[in-house]
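Enquirer: Below is a structure I'd like to ask you about.
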Amino acid sequence: MTASLLSASVAAVIGLFPVVVMMIAGVMQHDLILAMLVFHWIVMFLLPVLHHRAFRPDEKVGQGYIARLVASEEGRFAQTWKWGLLSFVVTTVLGYCGAVVLSCGTFSWWGICISGISDGVNRNGLSQISNTEVAKIVIAGAYFTFVNPVLEEFFWRVWLTRELVPLFPAQSAASMVVAGSDPAVPAYDMGEAKELPYNTMEPSKVQEDFMNPPLTEVGKLVASAMYAAYHFVVVFLILNVSYAGGAFLALTGLGRVLLEIRRYPDYGLWTATCMHSGVDAVIILAIVSARYKVAGMSFLQEVIPRVGL
């Protein structure tokens, strides 16, 4: 096995670790908050750093992924910021309205009742979000809404998709050449810049590489399914296996959409992260609303049927 294939295989195993962490901390300990913190800072932060040190010992992390990621994003932020903010607002508003529509007293014949998640929330440690003083709710909600998407988008849509390329190359392995002096780093076919170290590439080549790594469609779906897999455990613990299966399919699709958004210059990682943040904001709002029976939600539950929706 070549160094690049070994590196990619180890990265694929790391991509499955969130499921393992969720199974241990969630299923065995019934503490989803602990599970989230562990896979954020150990699996999504520490393990990629260790992977980088193991397979790219001559390249500092700050001069590697971080520097290249910043280079790929900063030049187009003037175009992407507005799309990012718009995606956050639209996702949050439409998502919360969807949560209201699927809540008790609106379309209860669908069999989905948001207030019914309270028991699952309490069993799995999430009552710390919904059953405590306002300050702690704000802190927990802000962390989940703004920190979680940043770490997840970097892990799933940047690090993992690039690392999986040797396993699912969109071009023949023979066309992949070494970048710089590191034999574990596949350089992708990018014309004149392909044999140059990343820190000497033209900015346009760096952007192209980070926006759209040459991963096959199968590879993109595998990465998206890994992203969805640990959510299956979360939804299973809070609701049941039927909803968990539906969530897995929906989130695999969402992961693929975010990956597609990620590669377009006008949207980029910023917009993908903002959309992800909006989804997480909806989850927090739904949990808190279900726990406290927020007046706004109760009001909408009464209004929606009256207008024939």
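Enquirer: Provide the per residue accessible area, probe 1.4 Å, for the range 34-96, rounded to a whole number of square angstrom.
Expert: That works out to 54 Å² for each residue.
Enquirer: Continuing with the same structure: What is the set of long-range amide H partners of L215 at a cut-off below 5 Å, with H atoms built 1.01 Å from backbone N?
Expert: A170
Enquirer: Next up: Collect residues whose amide H, placed 1.01 Å from N in the peptide plane, falls under 5 Å from the amide H of R56; neighbours closer than 5 in sequence don't count.
Expert: Residues meeting the criterion, in which the H sits 1.01 Å from N, do not exist here.
The values are calculated or read from the model by the stated rules, or taken from the named source; none is laboratory data. No experiment lies behind these values; they were computed from the predicted model shown. In case anyone asks, the SASA skips ligands and DNA or RNA and just uses the protein heavy atoms, side chains included. Shrake-Rupley method; radii C 1.70, N 1.55, O 1.52, S 1.80 Å.
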